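Colleague: Can you keep this structure in mind? I'll have questions shortly.
Just so it is clear, none of the values below were taken in a lab; they were calculated from the coordinates. Remember, it's a predicted structure, so these values are computed and weren't measured experimentally. Methodologically, a virtual Cβ is constructed for each residue, glycine included, from the backbone with ideal geometry; neighbour enumeration extends over all protein chains shown.
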Amino acid sequence: MISFDERLMSSSDVKAITWGPKGYCFVSTVLIFEGVSSTQYGDVFYSGEELEKSCWAWIGKPITVNHPYSGNTANDETVYEKQRVGMIVGAVYDAEIKGIRCLVMVDVEEAINKWPKLLEHIENQECVSFAIGAHTELVEDVGVYEGMAYTGRTVNIKPDHAAILTEYDV
């Protein structure tokens, strides 16, 4: 299954913005937190333990403008050419926040061509709505986490991409 976990990246999540060589922008942010997420399969729980196991696999995954329009992977050549604006170049599990912190490399030229407003958001440290795309196994498990009910739990998270969701842009 591929799951899409929609999150809002708050301005406090954007840290250490640097502009690198050859038109790359590096942004440190939080990719995903432990918690309940609404997916096409219902409300599912992402545990810190499973996130930590998947952490290394996020490195090298593309950052796309919206989710892939064709197929179910951002690694499809067409999706890569039409929607990719960068990639995750570093990821670490942070036990204190129960989430994955990552370093994202944004290709400035690709961002200008595909969604120029992204660079404005980065410069101003404004909120950007994003979601992960990952193949997971869903285990039936009913519970409540921090007041949110769930009907399934994800295991064996295999990252595919992180998508910037332009339709939720403020």
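Colleague: Tell me which chymotrypsin sites (Phe, Trp or Tyr not before Pro) from segment 25-125 have a DSSP coil assignment and no more than 13 other beta carbons within 10 Å of their own.
Modeller: The qualifying sites are Y69.
Colleague: Related question: State the extension gain, in nm to one decimal, for the chain segment bounded by V92 and K53, taking 0.36 nm per residue of separation less the distance between their alpha-carbons.
Modeller: Once the chain is fully extended between V92 and K53, it gains 13.0 nm.
Colleague: For segment 64-137, calculate the relative contact order in percent as a whole number, restricting contacts to Cα pairs under 8 Å that are 6 or more residues apart.
Modeller: 22
Colleague: Take every DSSP beta bridge with both residues inside segment 50-170 and express the antiparallel ones as a percent of the total, to the nearest 5.
Modeller: 90
Colleague: Once you place label points 7 Å from the Cα toward the Cβ at E126 and E167, how far apart are they in nm?
Modeller: It is 2.0 nm.
Colleague: Another question, then. Per residue of segment 134-146, in order, report the coupling 6.51 cos²θ - 1.76 cosθ + 1.60 (Karplus, θ = phi - 60°) as ³J(HN,Hα) in whole Hz, putting x for Gly and Pro.
Modeller: Once rounded to whole Hz, the list reads 8, 7, 9, 9, 9, 9, 5, 6, 9, x, 9, 10, 6.
Colleague: Greater than 19 Å separation of Cα atoms is the criterion. Which listed pairs, K53/K158; K53/K98; K82/K117; K61/K158; K53/K82; K61/K82, meet it?
Modeller: Listed pairs above 19 Å: K53/K82.
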